Amino acid sequence: MGTLHEFRCPACGYEAQVSGGPAGGMRVLTETIHCKDCRVIDDVVVARSSGGRGPRRTSAEESRVPPCPKDASHDVSLWRAGGPCPRCGATMERGEHFIQWD
Ligand SMILES: [Zn+2]
Ligand SMILES: [Zn+2]
């Protein structure tokens with residue numbers, strides 16, 4: 001089960017709903033990335049279930065930063081809860097709202 005949190009930047013008002021780290025459900029695993037070219041944080045799918053097994057990653061895949069879904073040449077890093085706003089660099093705050101998915 002994954003959980004999406006609402007993160008908000010207190011300085012510029014940028015908002016995103018992301019898990020804030022690696023998350024997994026029955027069908028997919030996701031990671032939260034910060035794309036410096038798109039100037040967004042977003043969850044991207046890094047593994048899907050196949051052949052009746054749940055989604056899983058090898059340790060090599062876990063240490064790899066997934067590419068930006070818009071353009072693989074973008075400058076991307078992993079983003080974690082408490083990380084910087086992609087627009088202005090201030091620390092994002094976690095809101096009270098969250099959504100659970102499986
Ligand atoms: Zn900001
Ligand atoms: Zn991008």
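Only the coordinates and a few stated rules stand behind these numbers; no lab work does. In this text the structure is predicted, and so the values were computed from the model without any measurement. Cβ: placed from backbone, ideal geometry, glycine included. Neighbour counts: every protein chain shown.
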- request: Name every residue in region 1-40 that is in contact with a His (Cβ under 8 Å, 6 or more places away or on another chain), within 15 Å of ligand 2 (Cβ to nearest atom), under 18 Å from Thr91 (Cβ atoms) and not hydrophobic (A, V, I, L, M, F, W, C), in order of residue number.
  value: Lys36
message: Please count how many residues of region 35-45 are touching a Leu at 6+ places or on another chain (Cβ under 8 Å) and under 12 Å from Gly21 (Cβ atoms).
response: 1
task: Consider Arg64 carefully, then state whether it is on the phi < 0 side of the Ramachandran plot, charged (D, E, K, R) and without any contact (Cβ under 8 Å) to a residue 12 or more places away in the chain.
output: yes
- prompt: So which pairs qualify, if the first residue must be in region 25-44 and on the phi > 0 side of the Ramachandran plot, the second must be surrounded by fewer than 17 Cβ atoms within 10 Å (Cβ to Cβ) and not aliphatic (A, V, I, L, M), the Cβ gap must be under 8 Å, and the two must be at least 6 apart or on different chains?
  reply: Arg39/Arg87
